[in-house]
Amino acid sequence: ADLVLVASGSEIERGSANGRQQVTFAAGPARDFYLAASTKFVKISEKIGDTVVNSYAMPEREDAAREVLEVATTSLEIFNRIIGPYPYSEFDVVSTPMQGAIGIEYPGMTGINMLVYDPQGELSGRPASEFLEATVAHEVGHQWFYNVVGNDQINEPWVDEALVQYITGLYFKERYGKEGYEGARASWLGRWQRTGNAEIPIGKPAGEYEGREYGAIVYGRGPLFFEALNKEIGDEAFSRFLQSYYAAQKWDIASGEELQQTAEDSCGCDMDALFTKWVMP
């Protein structure tokens, strides 16, 4: 009964007896269900539009939880505006232990590596707190591309991951201007540099990348492709593309071909040359 539960969806019913709790969560449409629990979680909340955002962490990490909450609410506001409405009345961000990942997306919530909340924590030899804003904004972006607009994450990981990396850059641009975007762009270039800027296609299945290629290409070269697409068709057409793609593919499974078709429809132009150069295996 003393466990604090954080789950996809919203709590709609609760009962307790003999020191145990029985809770019903309602979620949908949703592609997964995720639950995290701790007797120690503290929760801080804020409402943005019609959505309540909750941030959960250990009591000694409440300052970081407040920062996470601020980034999450700002991200939701920006993506609501530039892509389309977030579909749920609740969004949860929860600090959890992880192996390897810094954040993982789930419907209506995201887990963030608890090291990010630790002022003394380190990831890849750097202060873990440096990853907080970009990681939270990225995982919030997955609510649009992975959950509402689904895709084959094994065979076409670029369709959600590379696009979410790029809209994370748009978050920094909307919030901090050109300098913010350039900071995000520098991180993409840094990732791609791990392969010596090899022009490896971003459209390969996840299992076909070798060594450090997956992170470098899908998360580094991938958002640079969307930057090139934006430049090719212009800001106005790219905005139409994002909004049209989100609306047309809502609750479906989108493919790279459908993404290209939506981009071409948005500009009334042929994108074969650009997609061949960057995407095609």
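Work out, step by step, the length gained on full extension between residue 12 and residue 130: first 0.36 nm times the residue separation, then minus their alpha carbon distance; give nm to one decimal.
Values: separation 118, 0.36 × 118 = 42.48 nm, distance 3.66 nm.
Residue separation times 0.36 nm, minus the Cα-Cα distance, leaves 38.8 nm.
The angle between the Cα long axis of helix 235-248 and the longest principal axis of the Cα atoms of the chain comes to about 60 degrees, rounded to the nearest 10. In whole percents, the pair-distance distribution calculated for region 171-281 from its alpha-carbon pairs, binned every 5 Å from zero, is 2, 12, 19, 20, 20, 18, 8, 1.
How high is the FRET efficiency from residue 197 to residue 4, r the C-beta distance, R0 45 Å, rounded to 0.05? Could you put the intermediate results ahead of the total?
Values: r = 46 Å, r/R0 = 1.02.
The calculated FRET efficiency here is 0.45.
Each of 82, 41, 65 was placed along the dipole of region 1-118 (beta-carbon charges, centred on the mean Cα), and the one lying farthest toward the positive end is 41. Please give the calculated 222 nm ellipticity per residue for the chain, where each DSSP H segment of at least 4 residues contributes -39500 (n - 2.57) and the sum is spread over every residue; nearest 500 deg cm²/dmol? After summing the helix terms and dividing by residue count, I get -13000 deg cm²/dmol.
Per-residue packing, averaged as other Cβ atoms within 10 Å, sorts the ranges 105-117, 169-181 into the order 105-117, 169-181, beginning with the highest.
On the principal axes of its alpha carbon atoms, the chain extends 65, 41, 36 Å, with the longest extent given first. Sequentially through region 72-78, phi angles give Karplus couplings (6.51, -1.76, 1.60; θ = phi - 60°) of 5, 5, 5, 4, 4, 4, 5 Hz, Gly and Pro residues having no value and appearing as x. Peptide packing: for 206-212, 5-11, 135-141, 91-97, the average count of neighbouring Cβ atoms within 10 Å per residue gives the ranking 135-141, 91-97, 5-11, 206-212, highest mean first. Distances between placed amide hydrogens fall under 5 Å for residue 123 paired with 128, all partners being 5 or more residues away or on another chain. Under 17 Å from a point placed 7 Å out from the Cα of residue 23 along the Cα-to-Cβ direction: which residues of region 33-72 have their backbone N that close? Under 17 Å, as judged by backbone N against the label point of residue 23, lie 33-46, 52-59 of region 33-72. Here the ratio of the Cα radius of gyration of region 192-249 to 2.2 N^0.38 Å is 1.33.
Heavy atoms of the protein chains alone define the surface here; on that basis region 141-281 has 44 Å² accessible area per residue at 1.4 Å probe size. Both numbers refer to the Cα atoms of region 141-228; Rg and Dmax are 12.7, 36 Å. Our Cα-only numbers for region 100-171 put the radius of gyration and Dmax at 12.8, 37 Å.
Ligands, DNA and RNA left out, the 1.4 Å accessible surface of region 1-109 is 46% carbon and sulfur atoms. Note on region 1-109: along the principal axes its Cα atoms extend 49, 32, 28 Å, ordered by decreasing extent. Using only Cα positions of region 95-245, each an equal point scatterer, no hydration layer, compute I(q)/I(0) via Debye at q = 0.13, 0.18, 0.20, 0.21 Å⁻¹ and quote the log10 values to two decimals. So the normalised log intensities work out to -0.60, -1.21, -1.49, -1.60.
The values are calculated or read from the model by the stated rules, or taken from the named source; none is laboratory data. Remember, predicted model here, so these are calculated numbers, not experimental data. Backbone-built Cβ (ideal geometry, glycine too); neighbour counts: all protein chains shown. To get the accessible areas, we keep the full protein, side chains included, count just its heavy atoms, and leave off ligands, DNA and RNA. Shrake-Rupley method; radii C 1.70, N 1.55, O 1.52, S 1.80 Å.
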